[in-house]
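Student: Have a look at the structure that comes next, please.
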Amino acid sequence: MFNRRSVTAVLLAGALASGCSEGPTEPPTTGEPLSAAESVALFEAMRAIHNDTAATIIGGSENSMVLACPLGGQVTLTMSVVEESVADTATLTANSTASPSGCQLSSGGTRFTVDGRPSVRERIVTTFVGFFEAFTLEGSVTGALDWQTDRRSGSCDIDLTLSEAPDSSGTGSSVAVILAGTLCGHETRLEREGVVDPDPSG
């Protein structure tokens, strides 16, 4: 059963983004590959499905659910949270896997159809000291997707490292999360602010 720390870790995982087992040989790209902007648009569109609290659930089991994609198709999400405690330090490891199948979505003015190759996996390790007296966050997003647009198709390999950074808003009540690495062949750095620090006084 989830306790307060487990729920916090799940919320942090949901606020961010999704290694992955090896799939079939990468298919050739038809037409131009995705630009850096299109790669981010695709990534953000997949994240939006994970974060959509009103998404239509069309199936699932104890540890997974199948969600309808906005324009057709589906994505299967699985998640697990493991808690380990030593003295006053608790570590929560959240693993989630997204496996899209014919998932149709639109972002940045481009309509995509996405399939997992075979999936994208997100791992987030959250460490708490005391009763939220200290807080650290690290993880990764890895895997691959096959994508199609109206006139192009190809594959997107994802290899991002997740880390926290000092809050740039000046409020001291949130931490910035950095996703940095390779996204669809482009060196990428994405910053996500507004993830609430469980200990805003620290």
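The values are calculated or read from the model by the stated rules, or taken from the named source; none is laboratory data. Since the model is a prediction, treat every value here as computed from it, not as a measurement. So basically every Cβ, Gly included, is an ideal-geometry build from the backbone, and we count neighbours across all protein chains shown. When the accessible area is computed, the model is the full protein with side chains, heavy atoms only, and any ligands, DNA or RNA have been set aside. Shrake-Rupley method; radii C 1.70, N 1.55, O 1.52, S 1.80 Å.
Student: Could you go through segment 111-126 and let me know if any residue there is surrounded by fewer than 17 Cβ atoms within 10 Å (Cβ to Cβ) and in a loop (DSSP other than H, G, I, E, B).
Tutor: So far as segment 111-126 goes, no, none of its residues is surrounded by fewer than 17 Cβ atoms within 10 Å (Cβ to Cβ) and in a loop (DSSP other than H, G, I, E, B).
Student: Quick one: would you say Met79 is at pLDDT 85 or above, open to solvent by 50 Å² or more (accessible area, probe 1.4 Å) and on the phi < 0 side of the Ramachandran plot?
Tutor: Yes; evaluated as a whole, the condition is true for this residue.
Student: Can we say Ala37 is surrounded by fewer than 15 Cβ atoms within 10 Å (Cβ to Cβ) and under 30 Å from Gly185 (Cα atoms)?
Tutor: yes
Student: Could you please find all residues in segment 111-125 being under 23 Å from Gly181 (Cα atoms) and modelled with pLDDT of 90 or more?
Tutor: Phe112, Val114, Asp115, Gly116, Ser119, Val120, Arg121, Glu122, Arg123, Ile124, Val125
This table checks each residue for (1) within 21 Å of Gly116 (Cβ to Cβ); (2) at pLDDT 75 or above.
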| residue | (1), (2) |
| --- | --- |
| Glu133 | no, no |
| Val141 | yes, yes |
| Asp146 | yes, yes |
| Ser153 | yes, yes |
| Ser163 | no, yes |
| Gly170 | no, no |
| Val177 | no, yes |
| Pro200 | no, no |
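Student: Kindly provide the set of residues from segment 92-128 that are within 25 Å of Ser163 (Cα to Cα) and of a type in the set (A, V, I, L, M, F, W, C), ordered by number.
Tutor: Leu92, Ala94, Ala98, Val120, Ile124, Val125, Phe128, listed by residue number.
Student: Count, please, the residues in segment 25-81 that happen to be more than 17 Å from Leu160 (Cβ to Cβ) and part of a loop (DSSP other than H, G, I, E, B).
Tutor: 21
Student: Sticking with this one: What number goes with the only condition from (1) assigned to a strand (DSSP E or B); (2) closer than 21 Å to Glu164 by Cα that Phe131 does not pass?
Tutor: (1)
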